[in-house]
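A.B. asks: One structure follows; several queries about it will come next.
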Amino acid sequence: MERTIGDLSQEIKQPSNPYGNLAERNLRCARTNALKIICPNVDPDQGYTLPRNSVLMGEGLVLLRPRERSRGLATNNEETLLLQQQ
């Protein structure tokens, strides 16, 4: 948190209007991030990777693996199997 505050305070150009300058800087950052999401080839160094066990379907679509909505506790049998695999 302190590092972020320090970085932002260094980016303020005119100390007479710090909040206006900070808001402008954040707006520019948000616009840049939106452009990178909309047009990924704007930032060729990004190096996007697909999530584990996902499948690239083509035309920009990715099939993601199923996931549980909440964490559950392992049963005794599952815990034993996991401990044996380590």
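The values are calculated or read from the model by the stated rules, or taken from the named source; none is laboratory data. From a predicted model like this one, the values you see are computed outputs, not experimental measurements. In this analysis, Cβ positions are derived from the backbone assuming ideal geometry, glycine residues included, and neighbour counts consider all displayed protein chains.
A.B. asks: Here are the criteria: (1) exposed (fewer than 10 other Cβ atoms within 10 Å of the Cβ); (2) modelled with pLDDT under 80; (3) on the phi < 0 side of the Ramachandran plot; (4) of a type outside the set (Lys, Arg). Tell me which single one GLY47 does not satisfy.
C.D. replies: Condition not satisfied by GLY47: (3).
A.B. asks: A further question on this structure: Does region 30-79 hold any residues that are part of a helix (DSSP H, G or I) and of a type in the set (Asp, Glu), and which are they? Let's see the steps before the verdict.
C.D. replies: Taking region 30-79 first, the residues part of a helix (DSSP H, G or I) are 30-38, 40-42, 76-79.
The answer is GLU78, GLU79.
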